[in-house]
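Q: Here it is, the structure in full.
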Amino acid sequence: VEQTLNNLKDKGYRLAVATGKSRRGLNRVFDDTGLEYLFETSRCADETTSKPHPHMLEEILNETGLTSSDAVMIGDTEFDLEMGVRAGMDTIAVSYGAHHVDRLTAYNPVLIMDRFPDLESWLVEKSLNRI
């Protein structure tokens, strides 16, 4: 995961986190993994309206100056994908996460990702500069 995120950042992709975790929970993850430096910004459920409401993503877009067409929401739950759709973003479903992929396909993701490195190859293929 870290290598893929580093590769994306090195290629100029802008990365952000929109999580259902609390800020304290996300900070714990960042402390445990050391990956915070890879992300331009983040929003947590205790800071704004939580998923599936799109406000979390709207705040990230406003902060970064991007539009929904400049971004893609990657998620492993129906809440993630619904939030992305409601924000007007393309979505990518992670098949190995919390919700079974059959539940995620209802949101018409542009990609169903079976391995995290698949993200980099897909983005490069699409030549997308997205968050």
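Q: Tell me the mean residue ellipticity at 222 nm calculated for the chain from its helices only (DSSP H runs of n ≥ 4, each -39500 (n - 2.57), averaged over every residue, nearest 500).
A: Value at 222 nm, helices only: -11500 deg cm²/dmol.
Q: Looking at the stretch 63-131, which chymotrypsin sites (Phe, Trp or Tyr not before Pro) are DSSP coil and have at most 12 other C-beta atoms within 10 Å of their C-beta?
A: 96
Q: Within the stretch 26-61, list the GluC sites (Glu not before Pro) lying in a DSSP loop whose Cβ has at most 16 other Cβ atoms in a 10 Å radius.
A: 40, 47
Q: Quick one: grab Rg to one decimal and Dmax as a whole number for the chain, Cα atoms only, in Å.
A: 13.7, 36
Q: For residue 42, what residues show an amide H to amide H distance below 5 Å, using hydrogens built from the backbone and excluding near sequence neighbours?
A: Residues meeting the criterion, in which the H sits 1.01 Å from N, are 17.
Q: What is the dipole size for the chain, taken about its Cα centre, with +1 at each Lys and Arg Cβ and -1 at each Asp and Glu Cβ, in debye to the nearest 20?
A: I would put it at about 100 debye.
Laboratory data are not the source of any read-out in this text; all were calculated from the coordinates shown. Since the structure is predicted, the reported quantities are computational estimates derived from the model, not experimental observations. FYI the Cβ positions are ideal-geometry reconstructions off the backbone, even for glycines, and counts take in every protein chain you see.
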